[in-house]
Every structure is written in structure tokens, then in C-alpha cells.
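**Q** I have a structure here, written as C-alpha cells, and I will follow up with some questions on it.
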Amino acid sequence: MNTLLQNRAHVIERIDNEVGMLERHLRVLRLVIRNEPIGIVQLADELSIPDHKVRYSLRVLEEEDLIEPTDRGATTTEDLGGYVDRANGRIDGLRERVTELAIDRDGGEATDLAGAHASEP
């Protein structure tokens, strides 16, 4: 495999890890929204992820002012409504951008799902 393709593989792996972390944060946020107040142990059990990862996600969400800790568990803040709309729009945009990034075996642009070639920005 040439160096360029190896570097792309590493970049894609790092992006995959970041997306996985974002996915975990959003899964935690969804559960807080549905079950607030909710504690770390219940979140970890329902999501089947370790407590320390739940704590990290809660800390990130708290830093973004989307949740706040209480004696009974995490609850959402007033800032959540605007965030949800913005986040869903950004996720849709990212989905479209990632779809356009596919490459074929020759290193060119892969054909997208509609049958047209993806275009460079």
C-alpha cells in the first residue's frame, strides 16, 4: 500500500474514533433527556458502557452546558433545545460530506449512491 493510502487509513481510523466518542456522548445525552434525573450507574447499565466512560461523557456534556449534575442525577439545561436543532443540522451536513469522500480502488472519486461522481468542494 502506498504512503498516501496508509496515511488515509490512519486518518480514517482517528476520525472513526472521534465519531465513536461523539456517538457515546449523544447516546448518554439521549438517555438523560428521556430519564432525567439519571445517575451514572443507571446510564452505564442501560448503555452497556463502563462507568468511567459515562463520567467522561457527562463531563463533556456539562462543559457544553447541556446537562447539570443534581443530587438525584444528571438533568438537562435550558440550552438543550437550541443545541438539539443545531446538532441535528450539523450531523445531516456531515453525513453528506462523508458520503462524498469515498474513493475507488484507483484513488479516484467513488460513485455515490445516486450514481453520480462525488465532487470536490
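The values are calculated or read from the model by the stated rules, or taken from the named source; none is laboratory data. On a predicted model such as this, the values are computed, not experimentally measured, just so you know. With ideal geometry, Cβ positions are generated from the backbone for all residues, glycine too; neighbour counts draw on all protein chains shown. The accessibility values were calculated without ligands, DNA or RNA, using every heavy atom of the protein model including side chains. Shrake-Rupley method; radii C 1.70, N 1.55, O 1.52, S 1.80 Å.
**Q** Could you work out, for region 1-93, what percent of all Cα-Cα pairs fall into each 10 Å distance bin, beginning at 0 Å and stopping at the bin that holds the largest distance?
**A** With a bin width of 10 Å, the distribution comes to 15, 42, 25, 12, 5, 0.
**Q** In a shell of Cβ-Cβ distance under 13 Å around Asp92, excluding Asp92 itself, what net charge do Lys and Arg (+1) and Asp and Glu (-1) give?
**A** Working: positive: Arg86, Arg90, Arg95, Arg97; negative: Asp85, Glu96.
Value of the local net charge: +2.
**Q** Could you list the GluC sites (Glu not before Pro) in region 52-94 that lie in coil according to DSSP, counting only those with at most 12 other Cβ atoms within 10 Å of their Cβ? Before the final figure, lay out the partial values.
**A** Numbers: sites: Glu62, Glu63, Glu64, Glu78; in loops: Glu64, Glu78.
Listed in order of number, the matching sites are Glu78.
**Q** State the percentage of accessible surface on region 6-100 attributable to carbon and sulfur atoms; use a 1.4 Å probe and exclude ligands, DNA and RNA. Before the final figure, lay out each step's value.
**A** Values: 3210 of 6730 Å².
Ligands and nucleic acids excluded, carbon and sulfur give 48 percent.
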